[in-house]
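Read through the structure below, which is laid out as structure tokens, and then see the notes.
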Amino acid sequence: MVLTETVPAAAPPAHEGILRRQSLRESAARTYARSLPIVPVRARGLTIEGADGRRYLDCLSGAGTLALGHNHPVVLEAIRTVLDSGAPLHVLDLATPVKDAFTTELFATLPGELAEKGRIQFCGPAGTDAVEAAFKLVRTATGRDGLMAFSGAYHGMTAQALAASGGAQHTSVVRLPYPYDYRCPFQTGGERGAELAARWTQSLLDDPRSGVPRPAGMILEPVQGEGGVIPAPDDWLRRMREITADRRIPLIVDEVQTGVGRTGAFWAVDHSGIVPDVIVLSKAIGGSLPLAVIVYREELDAWQPGAHAGTFRGNQLAMAAGAATLAYVRTNGLDRRAAELGARMLDRLTSLAAAHDCVGDVRGRGLMLGIELVDRTADADATGARPADPQLAAAVQHACLDRGLIVELGGRQSAVVRLLPPLTITDEQADAILDRLADALTAAVRTTPGPTGSSPTTMRGTSP
Ligand code: PMP
């Protein structure tokens, strides 16, 4: 007689239950959780380990937050020191030695007059909070209301930050052309395209009938991140500085993603040598914990006491982790390392582009890199650009995950595969990342049908 044993259905692995509960309970607005269905339980440096035991190379780095990768020893040590010291963890914005040390370290790295005579305002903990604070500051200081921002920008998800971003659904902010070489709105690209973009901006400001009143400020990213990894030429940035300075319009530079060595200079503005009137900082300055500040020229400090308050502006652990991160990047020259390694990675990505006609453009600065995927069957326009292929980009992201590589998508149509690895990666790790990406690209091209029809016209506006 054969005894059929009832085998209990295998219990679903813990990570599957967690993912299932997440999708049942969390809002439809969740983002990364959709395209990256993993459950991180341990992490160190570039590597994340999932609850299913799989390991991944993390080139998302908390959307560019983790300059030193996950759980760097100097960051953990800084956090432990505060915890073990008995210092208060919450004291609103009262003075503490931890805050003093953070501010001193931050000011030591800032450009020109901001380091010497800048004023700092601790904001709510997210980048978007600091963007809101910057807008409020320049409005108070100038008595004007309007703002100027650039097509493709991303400044956050709160009302005003969103209004200044490329995904805005209303037009309270005047939109200016950003120098996007590959998809130049003037169909010239290069220096000429950037010059025409600058002239358009200047003419809007100088033409008394342009319909654009003098704004309270202009905000820009030195490299558009979520907009598709688009570095602005240094000359164009200098022109924007000149145009705004000559007209007494405060220039706000959003370095939330580009700061702390990411682009191959400590601050991305250092490449061009410009000094903004307001610099907006978050992500890496908190060493993986939430922290956001604005630093601005003292002449703008027209705020009354309490004009910009908030309960969570004194995160002691974030300040300690952030100070340790800033000091580590500075003393180890990780900005220079990002420049060198980024240039080598960009070279390899360029070879990849030569081998794959679905790669329309490869670009980046330092360790902020992107490849724009295009419809390989479509005709190129007058400047050589072809329509974006978001479906292929999603397939590449998926194939990367299968190969243990986490990458982000960005760009106007989510067709730019983005790499934001920690600044601490070794040459071997950089090679491993690019090997996996190349392999994923080949696999995705094989399995994704050619023309993908019309693509969404909105920019990926849900990413932090
Ligand atoms: N500015 C820039 C340039 C950003 O990249 C981001 C986030 N990706 C933000 C602002 C908003 O930061 P947060 O998501 O912390 O609000």
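The values are calculated or read from the model by the stated rules, or taken from the named source; none is laboratory data. Note that the structure is predicted; figures quoted are calculated from it, not measured. Cβ sites come from the backbone with ideal geometry, for glycine too, and all protein chains shown count toward neighbours. Each accessible area value is taken on the protein alone, full model and side chains, heavy atoms only, with ligands, DNA and RNA left out. Shrake-Rupley method; radii C 1.70, N 1.55, O 1.52, S 1.80 Å.
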Charge context of Gly124, other residues only, Cβ under 11 angstrom, K/R +1, D/E -1: -1
Spin-label model distance (nm) - Arg54 vs Ser23, 7 Å beyond Cα toward Cβ: 1.4 nm
Label point distance in nm, Asp402-Thr140, each placed 7 Å from Cα along Cα→Cβ: 5.4 nm
Percent antiparallel among DSSP beta bridges (both partners in the chain, rounded to 5): 70 percent
Protection-proxy order for peptides 81-92, 179-190, each taking the mean of Cβ atoms within 10 Å per residue, highest first: 179-190, 81-92
Rounded FRET efficiency, nearest 0.05, which uses the C-beta distance separating Asp439 from Arg248 and R0 of 51 Å: 0.45
Surface accessible to a 1.4 Å probe, per residue, for the residues of the chain, Å²: 43 Å²
FRET efficiency estimate (nearest 0.05) - Cβ-Cβ, Thr81 to Ala382, R0 51 angstrom: 0.30
For segment 195-312: rounded, prolate or oblate by the Cα gyration tensor [a/c cutoff 1.5]: oblate
Amide H contacts under 5 Å for Gly217, placed H, 5+ residues apart: Met148
Distance between modelled label sites at Ala354 and Val91, nm, 7 Å Cα→Cβ extension: 5.9 nm
Of all accessible heavy-atom area on segment 74-331, the percent that carbon and sulfur account for (1.4 Å): 54 percent
Fraction of accessible area attributable to carbon and sulfur, segment 24-66 (%, probe 1.4 Å): 52 percent
Overall form of segment 119-273 per C-alpha gyration tensor (a/c, 1.5; a/b vs b/c): rounded
Estimated dipole of segment 74-331 in Debye, rounded to 20 [Cβ of Lys and Arg +1, of Asp and Glu -1, Cα centre]: 440 debye
Alpha carbon convex hull of the chain, projected area averaged over orientations, nm²: 26.6 nm²
Spatially proximal lysines relative to Lys283 (Cα-Cα < 23 Å; intrachain offsets below 8 disregarded): Lys99, Lys136
